[in-house]
1. Might you let me know whether region 111-129 holds any residue that is away from the ligand (no atom under 14 Å from the Cβ) and among the aliphatic types (A, V, I, L, M)?
2. Taking region 37-47 only, how many residues are without any contact (Cβ under 8 Å) to a residue 40 or more places away in the chain, within 14 Å of the ligand (Cβ to nearest atom) and open to solvent by 40 Å² or more (accessible area, probe 1.4 Å)?
3. Going by the structure shown, is Val99 more than 20 Å from Glu18 (Cβ to Cβ) and of a type in the set (A, V, I, L, M)?
4. Looking only at residues that are free of Cβ contacts under 8 Å to residues at least 60 places away in the same chain and within 14 Å of the ligand (Cβ to nearest atom) in region 77-110, which one is farthest from Ser59 (Cα to Cα)?
5. I'd like the residue in region 96-127 that is open to solvent by 20 Å² or more (accessible area, probe 1.4 Å) and of a type in the set (Val, Ile, Thr) and, out of all such residues, is farthest from Val80 (Cα to Cα).
Amino acid sequence: MKLLRINHLGIATPALAEAMERMSRLFDMGPEHTEEVAEQKVKTAFFPVGESTLEYLESTDPEGPIGKFLAKRGPGIHHVCFEVDDIDAAVAGLLAKGVRMIDQAPRKGAHGCRVAFLHPAETGGVLIELSQGMAH
Ligand code: CO
């Protein structure tokens, strides 16, 4: 597996509109892309920051992963996303090493990319997402 870069940081927010207003007020920027990812029960807004991106995440369901995260830990950094060159090989390699994965196979993420999350028990408190194929 080759880690190419930190593709984005995922930030949980109770209200995407509030996060967008804040980015506009502080940094004079709007999102380059917004999208609802029904499978993950989230609405997302992406803000490019140099070679990386901030992904703001609002939950559409209190029982979804971001809804549960917000209830337990409040707003803030939810995950770090490593861009990989071959996500199928990356997931297969981790599973072969006995690493617990939330996703046993890559699934659809925002931006048409394919993603897979490691189980947080494996990652020392920082949730890690692997991603391949996000358009820039
Ligand atoms: Co993400």
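1. So far as region 111-129 goes, yes, one or more of its residues are away from the ligand (no atom under 14 Å from the Cβ) and among the aliphatic types (A, V, I, L, M).
2. Of the residues in region 37-47, 2 are without any contact (Cβ under 8 Å) to a residue 40 or more places away in the chain, within 14 Å of the ligand (Cβ to nearest atom) and open to solvent by 40 Å² or more (accessible area, probe 1.4 Å).
3. On the way: more than 20 Å from Glu18 (Cβ to Cβ): yes; of a type in the set (A, V, I, L, M): yes.
Considered against the rule, which asks whether it is more than 20 Å from Glu18 (Cβ to Cβ) and of a type in the set (A, V, I, L, M), Val99 comes out as yes.
4. Residues of region 77-110 free of Cβ contacts under 8 Å to residues at least 60 places away in the same chain: 87-88, 91-92, 95-106.
With within 14 Å of the ligand (Cβ to nearest atom) added as a condition, the list becomes 87, 102-103, 106.
Values: Ile87: 26, Ile102: 18, Asp103: 19, Pro106: 21 Å.
This residue is Ile87.
5. Here the answer is Val99.
The values are calculated or read from the model by the stated rules, or taken from the named source; none is laboratory data. What you are looking at is a predicted structure, and each value in this text was computed from that prediction instead of being measured. Ideal geometry is used to build each Cβ from the backbone, glycine not excepted, and the neighbour counts take in all protein chains shown. Heads up: the accessible areas ignore ligands, DNA and RNA and are worked out on the full protein's heavy atoms, side chains in. Shrake-Rupley method; radii C 1.70, N 1.55, O 1.52, S 1.80 Å.
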